[in-house]
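Please read the structure below before turning to the comments.
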There are 2 protein chains.
Amino acid sequence: MQRHFEQELGELKEKLLTMASHTEGAVTLALKALLARDDELARSVKENDTIIDELEKEIDEMAINLLTRAPLSNDLRLITVAMKISHDLERVGDEATTIARRSLELSQEPQLKPYVVIPRMAQMGLEMLKQGLDAFVQRDPTRARAVIPRDKDVDALNKQLHRELSSYMIEKPTTITRCLNLMVISKSLERIADHATNVAEDVVYLYEALDIRHTGKSGSRRPDQ
Amino acid sequence: MQRHFEQELGELKEKLLTMASHTEGAVTLALKALLARDDELARSVKENDTIIDELEKEIDEMAINLLTRAPLSNDLRLITVAMKISHDLERVGDEATTIARRSLELSQEPQLKPYVVIPRMAQMGLEMLKQGLDAFVQRDPTRARAVIPRDKDVDALNKQLHRELSSYMIEKPTTITRCLNLMVISKSLERIADHATNVAEDVVYLYEALDIRHTGKSGSRRPDQ
């Protein structure tokens with residue numbers, strides 16, 4: 001019975017990593033669609049989002065089922081953290097859909113200028129997410145802790161881009177629609193980094209049994225805009 | 001022992017309602033600060049957010065502690081739903097802080113025009129939240145279910161306002177900064193309604209033991225922008 005439980009716990013973790021890989025893929029594709037102005041790719045991101053949603057539901061069900069049989073409090077903690085991570089991943093998937101949707105709007109007009117900050121933000125957010133999930137798999141709270149301060153850098157890039165786009169709009173009102181779409185994309189990327197930070201904080205909590213959220217030290221979970 | 005458990009479960013529910021009342025209060029105050037252009041009030045919303053964050057942590061700890069001792073699978077479901085609701089409330093608190101922050105920026109310039117759609121969106125979101133929480137207390141999934149379709153109405157108002165503000169910006173580029181702040185506030189209100197919808201869906205799930213999220217029927221959890 002106990003062995004069966006352990007096996008199911010392993011399956012829960014595996015499903016979470018499958019979900020993570022779909023989510024990372026969605027963000028990557030959404031960015032690719034934006035940069036290549038590829039409408040078909042953008043539409044595929046939106047369609048794939050249902051797979052991520054389904055995985056979240058499956059993980060929730062597995063987790064609830066396992067909770068009823070968890071023998072140790074450490075297992076309970078792992079299961080609840082898995083549910084939280086899954087929820088954050090689902091939200092990352094939603095942000096990928098938002099980016100894809102806005103890319104479709106952007107591709108209807110000429111490109112404003114080469115995108116520099118946006119791919120950088122995307123890369124940073126994806127790295128943070130990957131590192132948080134690696135820390136989860138490797139039971140490494142130190143690695144997870146290193147993710148948290150990076151959230152501020154992504155916040156700073158979002159604010160910088162927001163300022164640049166605001167000035168641009170004032171100078172050339174014909175660019176307003178495109179600037180607004182880019183602002184939404186930038187905000188989505190900033191939120192992806194927020195979710196990655198949540199994942200990292202949950203991993204720290206899981207393995208250090210210490211709640212470092214909302215202490216202000218991490219600089220995360222504060223609403224940015 | 002069992003009686004003690006029941007008592008603690010009751011305390012968990014009570015703490016959740018305390019948190020809900022703080023959260024609703026924060027949104028109400030943020031709106032008041034916006035409409036009255038009251039900077040002091042806006043700053044108080046930001047400060048009070050730490051209370052909401054603390055309550056979320058306390059609820060998480062109580063929940064984890066209770067999970068280890070939950071005798072029935074219905075209790076487990078209740079506890080995990082309480083954690084989810086608490087997380088949504090914390091996010092609503094963050095949105096209130098965002099509204100307060102943007103109100104501070106808006107009060108530095110003359111008011112663009114009388115606010116009509118924004119107070120309406122706020123009222124709708126707060127009503128949805130209140131109804132979802134009432135349904136939780138009264139164990140009434142039908143009441144919770146009624147919340148879900150209203151999310152579309154708030155989405156529609158956000159889109160309408162977004163369009164209006166976009167046109168306004170194009171006509172009068174000097175209003176761009178104010179329009180952007182109002183767009184962020186409108187989006188925050190739309191997100192509050194999203195969180196209220198999540199709460200309602202969780203209550204339906206809790207009492208109907210049926211996962212209606214992501215089915216597309218509800219029209220919620222879809223990223224709007």
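Can you name every residue in region A:1-26 that is surrounded by 17 or more Cβ atoms within 10 Å (Cβ to Cβ) and either without any contact (Cβ under 8 Å) to a residue 40 or more places away in the chain or not basic (Lys, Arg) (or both)?
Listed by number, the residues that qualify are A:9, A:12, A:16, A:19, A:20, A:22, A:23, A:24, A:26.
Going through region B:2-27 one residue at a time, which ones are in contact with a helix residue (DSSP H, G or I) (Cβ under 7 Å, 6 or more places away or on another chain) and polar (S, T, N, Q)?
B:18, B:23
Inspect region A:62-69 for any residue being out of contact with any Leu (no Cβ under 8 Å at 6 or more places or on another chain), among the hydrophobic types (A, V, I, L, M, F, W, C) and surrounded by 15 or more Cβ atoms within 10 Å (Cβ to Cβ) and give the result as yes or no.
no
When residues of region A:45-61 are filtered for being farther than 30 Å from residue B:74 by Cα and surrounded by fewer than 16 Cβ atoms within 10 Å (Cβ to Cβ), how many remain?
The total comes to 1.
Please go through region A:153-173 and pick out each residue that is within 15 Å of residue B:168 (Cα to Cα) and more than 8 Å from chain B (Cβ to nearest Cβ).
A:172
Answer yes or no as to whether residue A:75 is at pLDDT 95 or above and closer than 30 Å to residue A:8 by Cα.
no
Against the conditions (1) over 22 Å from the mean Cα position of the chain (by Cα); (2) closer than 30 Å to residue A:179 by Cα, where does residue A:9 fall short? Just the number, please.
In the conditions (1) over 22 Å from the mean Cα position of the chain (by Cα); (2) closer than 30 Å to residue A:179 by Cα, residue A:9 misses (2) alone.
Determine, yes or no, whether residue B:201 is part of a helix (DSSP H, G or I), in contact with a Lys or Arg (Cβ under 6 Å, 6 or more places away or on another chain) and over 13 Å from residue A:180 (Cβ atoms).
yes
Here are A:62, A:124: which of them is under 30 Å from residue B:70 (Cβ atoms) and not small (Gly, Ala, Ser)?
That would be A:62, the only listed residue that is under 30 Å from residue B:70 (Cβ atoms) and not small (Gly, Ala, Ser).
Please go through region A:106-135 and pick out each residue that is at pLDDT below 95 and surrounded by 15 or more Cβ atoms within 10 Å (Cβ to Cβ).
Within region A:106-135, just A:112 meets the criteria.
Can you tell me which residue in region B:143-163 is farthest from residue B:131 (Cα to Cα), limited to those that are out of contact with any helix residue (DSSP H, G or I) (no Cβ under 8 Å at 6 or more places or on another chain) and part of a helix (DSSP H, G or I)?
Per the stated criteria, the residue is B:163.
The values are calculated or read from the model by the stated rules, or taken from the named source; none is laboratory data. Given the structure is predicted, the values throughout are model-derived calculations rather than measurements. Here Cβ is always computed from backbone atoms with ideal geometry, including for glycine, and neighbour counts include all displayed protein chains.
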